[in-house]
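Novice: Got a structure here, written out as structure tokens. Questions coming.
The values are calculated or read from the model by the stated rules, or taken from the named source; none is laboratory data. Predicted, not measured: the structure shown is a model, and the values here were computed from it. Cβ placement follows ideal geometry from the backbone for every residue including glycine, while neighbour counts extend to all protein chains displayed.
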Amino acid sequence: MEHNDRVRSEHTFKGGRARKGLKTAAIITGIILVVELVGGWLSGSLALMADAGHMATDFLALLISYLALLFSSKPSTEQRSYGYFRLEIIAALINGVVLCITALFVTIEAWKRISLPKEIETIQMLVFGIVGLLANAFNAIQLRKEKNNSVNVKAAYTHILSDLAGSFGVVGGAVLIGLTGLMILDSLISFFIALLIVRSALNIIKEAVNVLMESVPNDLNIREIEQTLLHFDHVGSIHDLHVWALTSGVNALSCHLRVDDLHEGQKLLASIHRELKEKYNIDHVTIQLEDATYHRET
């Protein structure tokens with residue numbers, strides 16, 4: 001329990017910094033969402049409205065991510081012995097699905113506007129687009145440092161990056177429409193934003209599903225870990241090796257080691273735990289020692 005408390009404490013410390021960034025980003029995103037909705041309505045730009053719709057999903061995503069990090073720091077219970085770590089992953093999965101739905105609605109509306117283009121006030125579109133661009137750039141800077149500590153924060157950061165690209169599209173589109181008068185560019189930019197949303201969503205969903213399926217984390221090589229364990233003295237073979245992630249940055253391992261001397265094998269456990277932590281950042285380690293001599297005789 002002491003080890004679990006230490007791991008949870010480390011995770012909570014990282015989560016505290018991430019929560020601060022998410023909270024700030026959520027507040028700014030909520031404000032810009034309202035600004036872009038008003039701007040899209042005044043200018044008649046679907047691209048700006050699409051970006052506002054994306055901002056709306058991002059606001060929800062940031063809020064979900066913030067709450068997930070808040071609850072994931074709760075202590076474990078008798079029913080949930082690992083605590084609430086997986087709430088982060090569930091939140092990331094929800095965010096990915098919501099993004100896909102948003103992209104679908106943007107694509108449908110953009111297709112409708114190709115046949116029935118609307119007049120657009122490019123100056124207003126440009127001004128509101130620049131405001132969104134600056135806000136998204138600030139949010140990206142806020143979350144950049146913490147994105148590698150949590151797939152949940154990484155999902156939120158990915159949302160912001162796609163918003164940033166969308167804002168660039170809105171600003172560039174406003175300039176091009178103003179120069180050429182081609183209103184169809186607004187729909188084409190909306191398609192571009194939808195593609196960005198889908199790309200972001202699929203990456204988030206894939207990473208979240210990998211954690212929920214207890215796949216080996218992407219930054220770890222199970223064969224390399226196996227060789228590391230076999231290099232310890234007295235270890236003859238290994239079987240039932242499993243490596244997975246409880247949540248982002250909290251990895252676990254379980255296996256059976258066959259040793260030529262159980263007493264000596266017991267002495268190795270502390271060294272094995274230390275090696276796995278230092279080399280692979282694996283915190284939760286469960287090792288069952290087996291007598292290799294007994295298995296040969298039987």
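Novice: Only residues in the stretch 277-296 that are assigned by TED's automatic domain parsing to the domain that holds N251 and of a type in the set (K, R) count as the first member; pair them with residues that are modelled with pLDDT of 90 or more and surrounded by 14 or more Cβ atoms within 10 Å (Cβ to Cβ), Cβ under 7 angstrom, at least 6 apart or cross-chain, and list the lot.
Specialist: K279/T228
Novice: Hey, could you check the stretch 174-206 for residues that are of a type in the set (A, V, I, L, M) and not in a helix (DSSP H, G or I) and say which is farthest from D51 (Cα to Cα)? Talk me through it step by step, then tell me what you get.
Specialist: Our first condition is that a residue be of a type in the set (A, V, I, L, M); within the stretch 174-206, this holds for 174-177, 179, 182-185, 188-189, 193-198, 201-202, 204-205.
Okay, now just the ones that are also not in a helix (DSSP H, G or I), so 182-183.
Details: L182: 19, M183: 17 Å.
Residue satisfying both the conditions and the ranking: L182.
Novice: Another question, if that's okay. Inside the stretch 77-97, can you point out the residues that are surrounded by fewer than 20 Cβ atoms within 10 Å (Cβ to Cβ) and among the β-branched types (V, I, T)?
Specialist: Residues satisfying the conditions are T77, I90, I94, V97.
Novice: Follow-up. Which ones in the stretch 168-182 are of a type outside the set (A, V, I, L, M) and touching a residue at least 24 places away in the same chain (Cβ under 8 Å)?
Specialist: F168, G169, G173, G178
Novice: Separate question: Hey, does the stretch 94-111 have a residue that's outside any helix (DSSP H, G or I) and either within 18 Å of the chain's Cα centre (by Cα) or more than 29 Å from I184 (Cα to Cα) (or both)?
Specialist: At the first step, the residues of the stretch 94-111 found to be outside any helix (DSSP H, G or I) are none.
No, the stretch 94-111 contains no residue that is outside any helix (DSSP H, G or I) and either within 18 Å of the chain's Cα centre (by Cα) or more than 29 Å from I184 (Cα to Cα) (or both).
Novice: Would you mind finding the one in S237, S271 that is more than 26 Å from L212 (Cα to Cα), touching a Lys or Arg at 6+ places or on another chain (Cβ under 6 Å) and free of Cβ contacts under 8 Å to residues at least 60 places away in the same chain?
Specialist: S237
Novice: Let me ask something else. Would you check which residues across the stretch 189-248 are closer than 22 Å to L87 by Cα, modelled with pLDDT under 85 and hydroxyl-bearing (S, T, Y) and list them?
Specialist: Answer for the stretch 189-248, where residues must be closer than 22 Å to L87 by Cα, modelled with pLDDT under 85 and hydroxyl-bearing (S, T, Y): S200, T247, S248.
Novice: In this structure, does S271 turn out to be surrounded by 21 or more Cβ atoms within 10 Å (Cβ to Cβ) and out of contact with any strand residue (DSSP E or B) (no Cβ under 8 Å at 6 or more places or on another chain)? Please lay out each step first, then the result.
Specialist: Details: surrounded by 21 or more Cβ atoms within 10 Å (Cβ to Cβ): no; out of contact with any strand residue (DSSP E or B) (no Cβ under 8 Å at 6 or more places or on another chain): yes.
Criteria not met by S271.
Novice: Let me confirm something: among A137, A156, which residue is surrounded by 18 or more Cβ atoms within 10 Å (Cβ to Cβ) and either among the small types (G, A, S) or part of a helix (DSSP H, G or I) (or both)?
Specialist: Working: A137 fails: surrounded by 18 or more Cβ atoms within 10 Å (Cβ to Cβ).
Result: A156 is the single residue among A137, A156 that is surrounded by 18 or more Cβ atoms within 10 Å (Cβ to Cβ) and either among the small types (G, A, S) or part of a helix (DSSP H, G or I) (or both).
Novice: Please name all residue pairs, on different chains or six or more residues apart, with Cβ atoms under 6 Å, provided the first residue is in the stretch 90-115 and is in the same structural domain as D58 (by TED's automatic domain parsing) and the second residue is among the aliphatic types (A, V, I, L, M) and surrounded by fewer than 22 Cβ atoms within 10 Å (Cβ to Cβ).
Specialist: Every condition considered, the pairs that remain are G96/I205; A103/V198.
Novice: Here is a list of conditions, (1) in the same structural domain as A52 (by TED's automatic domain parsing); (2) more than 22 Å from the chain's Cα centre (by Cα), and L230 meets all of them except one; can you say which number that is?
Specialist: (1)
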